[in-house]
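Contents: one structure, followed by commentary.
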Amino acid sequence: MKTLLLFLAATAMLAAGPRAHAAQSTAAPASIHETGVRGSLALIDGGHPAAVLVDAGDHPGVLRAARDLRADLSAVAGGEAAFSTGQSPQRLAVIAGTLGHSARIDRIVREHGIDTGDVAGRNEAYLLQVVESPEPGIDRALLIAGADKRGTIFGVYEISRRIGVSPWTWWADVPPPRHANLHVAPGRFTDAPKVRYRGIFINDEDPALGGWLKATYGGANHQFYERVYQLILRHKANYLWPAMWQPRAFYEDDPRNAEVADEYGVIIATTHHEPMMRAHDEWSRHGTGRWDYNSNSKVLQEFWRGGVERLKGHEVVVTLGMRGDGDEAMAEGTATALLERIVDDQRKIIAEVTGKPAEQTPQVWALYKEVQDYYDAGMRVPDDVTLLFADDNWGNIRRLPDPASKRAGGSRLGGYGVYYHFDYVGGPRNYKWLNTTQVERAWEQMRLAWAHGVERLWIVNVGDIKPMELPISAFLDQAWNPDAADLEWISRYPAAWAAEQFGPAHAAEIGAILSRYTQYNARRKPELLSPDTWSLVHEHEADRVLAGWDALVKRTLELGAKIPASHRDAWYQLVEYPVLASANLNHLHVAVGRNRLYAAQGRASANQWGDKARELFARDAELQRVYEQDIAGGKWTSMMSQPRIGYTHWQSPERNVLPALATVDVPEKGVTGVAIEGDARRWPYPLQGPRLPVLDPVGAPSREVVVFNGGRQKIGFTASTKTPWLKVSPASGDVQDAQPLKIEVDWNALPEGEHEGRLYIRGKDWTEVTVTVPVHKPPAHRGVRGFVEGNGVVAIEAQHHSRAVAPAGGAWQVVPNLGRTLSGVTAWPATGEPATPGGDGARLEYPLVMDHDGEVEVRVVMSPTLDIRHRGGLRYAVSINDETTPQVVNMRLDPTPGDRDFRAWEAAVIDNSHVASSRHRVRAGANTLRLWLVDPGVVFQRIEVVRRPWPPTTLGPPESARR
């Protein structure tokens, strides 16, 4: 019972979008539970579901959604639910309809005095209410009354989701749960969306979605789009940019596409570079001359006129403006006067064709890529046109409106929108294969957008739809009511979403797995991985990264064994494949890296690592084969076929290509070689002996030296030292492949300060190598508390502050998982004016224990947030100890090619983080570092206080020990 109630609470939370805090007790109006209370409706009683009733004269989309509810109730109950547009065959029913379009609903509302004051006339609003004796022959019914057709449809799908039917029931093969008894609590519940247009863009569809479409439907026809529309509506969204590459033309490829969209209630628009409802490919089919308004305006006007003429009264949002042919810039520089003329002419066409003033047709101007330059240069469009801001294609919003306009009542009639990305084709490199978007990051950026007044349109590029299931749900659920999508909501979301797909028994564990794999993939997107991404010689980075993946794989497989057979297809798609395939890809690149490194060092095992890389490459193909052929009866053919291995350019290779491997000619006789931590060379090395990185009792209490074999036969070695405080193990042995030696120090036998020891390695082939071992023993600093310097660095996760002084009227918030190593910390709200650092201003404090006096670099690792307010960069400040004036540091990133900050942006999106630095003086012992708020919107991930350059690793040093 408790498990069931938890499941229903989780699904109800998701069904209501971000209404995460709505009470889920049996007293909550229209809440659904296994047991009834006085006045509740038995939605399912002993396996028998209530009838579903609608009026034949209601909107077609309402009737269709009601049939979906009938099917959902039947699946959950295990018995067939009745459906009728006339008299009810049962005494318990669900009655759905649209106010003013359903005579039945209007009569029940009138005769029972049902309050619809906060629903009628409100966009997409709906009412849920249990009603006694709504009409003759019915004892009790659940009334679903919508203000308009989508309001009714959303009310219907609200019930589907509350009884446990996932929006992904078809798209991810999530089976509905089975319940013999479900009851709807009495009372009145109303809801309506806060964002007017909420939807997805299907993009970059070949070879994955395109191959699947061809095999399943023969193309992007209305049978395919019916599945897309249903997915959108089940998420209570309403808006679609259709597939348009490879090439496709939504209106022409199947004339039923638009007709069915209107029947379903989905609003169709076109992308940022497809003006006037014309698909990009239609120009190649019908256009004549150049795609150039200066030289070919008459032809373009007639072309665009045709796009508006075929709308036939369907709900649309018309894209204005013009970009170059093929998603490129229209012209060099900023041709503002030309674009203003284009927009003016387009609006004249809209008015002429529709016979109504242009402002009565919803329109949008997409400020994407170079088009934002026009806006920044002062170009404006009429007030009724929605301004669609965009991210940088990597999940970082570029510009937002001044929140003061929202506080002043929102003067712009057309409002604002954001175009966001979960998938992208372009530089620095494509990312299309697996989900690499942390829901926490998308939530944080869209929360910023909402706070700045972006209330009209939220649209997200979802690529092939699969495997973006989790972020799609989170994005659309947040869009329903961003005000309720607070920090607690996103913290709970992965587990709640997992409960909706798999039930509550393992939801917390599944949610944790989903969070971790997306965090790992967000560190460096799979397409950006290379054999040198994770360091093989510094700080055991590659081993640490792979250990994290291996632990996640083990956790996933162990949990997978507990998942019921009924959910195995969904489990493989949503959890097992992305985890196993991502882990395998990381192992593959590390194997290639080892093959190349070991070949350069002359190790015999280089060839074995080449074989391992080939094995992992084949494993990648096998995991894909299982996804596409073995699960769900082969339903998802081609769907995981996006290339991800073998990139040498921003554009993807035509197919996966195994990176080049090295081969070593291995002699029969054993050959002694030595490699050391922190150096890629092989010893003996001419005229130079190896020197280990410094050993430090805090940061590096041990180091590693490897004795390896360059031949086939075993070879013996000895390792010894004449330094009494130095220890090595093992001291001797026979090496077939490689033998790591652990180098340690008897710290009690050493005084404070700098020391050196020697390690002598001799092979039986008379090879001799002497390794210098530098050692640093810092002062004890007894009684001093804080993060302790080790090996010249103090690394601190931002959330581990000792004190947080909040901004006036706000708070510091820890966003879980947001970041490459732990989390993110940001000040909220993020709409205020810049703060002046110093005094008792908003700040985070971190205690440091430093070895000695001197100068350090303070590196602050942040999420790559852009200059959303167009003020010249986002700033923060740093001070240490008694510095009276904190140093202000500017995080300048700009995705515009040729801009002085473009390279910094490119590096930031590759690493999904940005590092800015300042220099300060510290003293031996206790210090306090203060991180000051200046510009709202900055997300701190970690702080690194560094005396000397840290070895070149991707993730940086592990967090320091804390006394």
Completion exercise
Cβ pairs under 6 Å, 6+ apart or interchain, first in the stretch 628-641 and touching a residue at least 60 places away in the same chain (Cβ under 8 Å), second outside any helix (DSSP H, G or I), ordered by first then second residue, are ALA632/ASP173; MET639/LYS466; SER641/PRO207
Exercise for the section: Could you check, for the stretch 413-436, whether at least one of its residues is surrounded by 18 or more Cβ atoms within 10 Å (Cβ to Cβ) and in a helix (DSSP H, G or I)? Expected result: no
Practice task
Determine which member of the set PRO952, PRO936 is surrounded by 17 or more Cβ atoms within 10 Å (Cβ to Cβ) and either not acidic (Asp, Glu) or not in a strand (DSSP E or B) (or both).
Solution key: PRO936
Practice task
All but one of (1) of a type outside the set (S, T, N, Q); (2) in contact with a His (Cβ under 7 Å, 6 or more places away or on another chain); (3) more than 23 Å from LEU387 (Cβ to Cβ) hold for GLU259, so report the exception by its number.
Solution key: (2)
Exercise for the section: Could you please tell me which pairs satisfy a Cβ distance under 6 Å, a separation of 6+ or placement on different chains, a first residue in the stretch 789-805 that is assigned by TED's automatic domain parsing to the domain that holds VAL938 and modelled with pLDDT of 95 or more, and a second residue that is crowded, with 22+ Cβ neighbours inside 10 Å and β-branched (Val, Ile, Thr)? Expected result: VAL794/VAL945; ILE796/ILE943; ALA798/VAL825; GLN799/VAL825
Exercise for the section: At least 2 residues that are touching a Pro at 6+ places or on another chain (Cβ under 8 Å) in each: list the strands (runs of 3 or more DSSP E) lying fully within the stretch 251-370 that qualify. Expected result: 316-320
Practice task
Go through the residues of the stretch 57-69 one by one and say whether even a single one is under 21 Å from ASN181 (Cβ atoms) and charged (D, E, K, R).
Solution key: no
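Residue-by-condition table, conditions (1) touching a helix residue (DSSP H, G or I) at 6+ places or on another chain (Cβ under 6 Å); (2) assigned by TED's automatic domain parsing to the domain that holds ARG524; (3) closer than 24 Å to VAL938 by Cα:
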site: GLY355; (1), (2), (3): no, no, no
site: ALA358; (1), (2), (3): yes, no, no
site: ALA366; (1), (2), (3): no, no, no
site: VAL371; (1), (2), (3): no, no, no
site: MET379; (1), (2), (3): yes, no, no
site: LEU388; (1), (2), (3): no, no, yes
site: ASN393; (1), (2), (3): no, no, yes
site: ASN396; (1), (2), (3): no, no, yes
site: VAL418; (1), (2), (3): yes, no, yes
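Yes or no, residue by residue, for (1) buried (at least 21 other Cβ atoms within 10 Å of the Cβ); (2) in a strand (DSSP E or B):
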| residue | (1), (2) |
| --- | --- |
| ILE743 | yes, yes |
| ASN748 | no, no |
| ARG762 | no, yes |
| ASP765 | no, no |
| VAL771 | yes, yes |
| PRO774 | no, yes |
| GLY783 | no, no |
| ILE796 | yes, yes |
| HIS800 | no, no |
Completion exercise
Within the stretch 397-412, of all residues that are basic (Lys, Arg) and assigned to a loop (DSSP other than H, G, I, E, B), the one modelled with the lowest pLDDT is ARG412
Handout entry: Filter result for VAL825 (crowded, with 23+ Cβ neighbours inside 10 Å, within 25 Å of LEU955 (Cα to Cα), modelled with pLDDT of 95 or more and β-branched (Val, Ile, Thr))
Key = yes
Exercise for the section: With the condition kept exactly as written, say whether any residue in the stretch 148-166 is over 16 Å from ARG188 (Cβ atoms), free of Cβ contacts under 8 Å to residues at least 24 places away in the same chain and outside any loop (DSSP other than H, G, I, E, B). Expected result: no
Practice task
Say whether the condition of being under 15 Å from ASN521 (Cα atoms) and either among the small types (Gly, Ala, Ser) or out of contact with any helix residue (DSSP H, G or I) (no Cβ under 7 Å at 6 or more places or on another chain) (or both) is met by at least one residue in the stretch 583-594.
Solution key: yes
Handout entry: the stretch 660-708, residues that are free of Cβ contacts under 8 Å to residues at least 12 places away in the same chain and either outside any loop (DSSP other than H, G, I, E, B) or within 25 Å of GLU959 (Cβ to Cβ) (or both)
Key = TYR685, GLN688
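Within the stretch 121-135, is even one residue of a type in the set (Gly, Ala, Ser) and at negative phi? Working first, answer last.
Taking the stretch 121-135 first, the residues of a type in the set (Gly, Ala, Ser) are 121, 125, 133.
This time we only want the ones that are at negative phi, so: 125.
Yes, the conditions are met somewhere in the stretch 121-135.
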Practice task
Return yes when ARG196 is under 23 Å from VAL228 (Cβ atoms), in contact (Cβ under 8 Å) with a residue 24 or more places away in the chain, of a type in the set (Lys, Arg) and touching a Lys or Arg at 6+ places or on another chain (Cβ under 6 Å) and no when it is not.
Solution key: yes
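Table: residues versus (1) in contact with a Leu (Cβ under 6 Å, 6 or more places away or on another chain); (2) surrounded by 23 or more Cβ atoms within 10 Å (Cβ to Cβ); (3) not aromatic (Phe, Trp, Tyr).
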| residue | (1), (2), (3) |
| --- | --- |
| PHE250 | no, yes, no |
| GLY265 | no, yes, yes |
| GLU282 | no, no, yes |
| GLY313 | no, no, yes |
| VAL316 | no, no, yes |
| ASP325 | no, no, yes |
Handout entry: Residue check, VAL462 aliphatic (A, V, I, L, M), crowded, with 23+ Cβ neighbours inside 10 Å and in a loop (DSSP other than H, G, I, E, B)
Key = no
Practice task
Confirm whether ASN817 is under 17 Å from GLU488 (Cβ atoms) and not β-branched (Val, Ile, Thr).
Solution key: yes
Handout entry: Residue ID - surrounded by the most Cβ atoms within 10 Å (Cβ to Cβ), chosen from residues in the stretch 828-875 that are assigned to a loop (DSSP other than H, G, I, E, B) and of a type in the set (Asp, Glu)
Key = ASP851
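Restricting attention to the stretch 174-184, which residues are surrounded by fewer than 23 Cβ atoms within 10 Å (Cβ to Cβ) and either within 28 Å of the chain's Cα centre (by Cα) or not basic (Lys, Arg) (or both)?
PRO175, PRO176, PRO177, HIS179, ALA180, ASN181, HIS183
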Problem - So LYS612, is it farther than 30 Å from PRO740 by Cβ and touching a His at 6+ places or on another chain (Cβ under 9 Å) - result: no
Practice task
Scan SER720, SER732 and give me the residue that is surrounded by fewer than 16 Cβ atoms within 10 Å (Cβ to Cβ), touching a residue at least 40 places away in the same chain (Cβ under 8 Å), farther than 26 Å from TRP950 by Cα and not basic (Lys, Arg).
Solution key: SER720
Exercise for the section: Could you tell me which numbered condition PRO247 fails, if it satisfies all but one of (1) over 30 Å from VAL62 (Cα atoms); (2) in contact (Cβ under 8 Å) with a residue 40 or more places away in the chain; (3) within 33 Å of the chain's Cα centre (by Cα)? Expected result: (2)
Practice task
Tell me which residues, restricted to the stretch 634-663, are within 18 Å of VAL590 (Cβ to Cβ) and either in the same structural domain as GLU469 (by TED's automatic domain parsing) or of a type in the set (A, V, I, L, M, F, W, C) (or both).
Solution key: ILE645, VAL657, LEU658, ALA660, LEU661, ALA662
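The values are calculated or read from the model by the stated rules, or taken from the named source; none is laboratory data. Being a predicted model, the structure only gives us computed values, none of them experimental. When we count neighbours, we look across all protein chains shown, and the Cβ atoms used for this are built from the backbone with ideal geometry, even at glycine.
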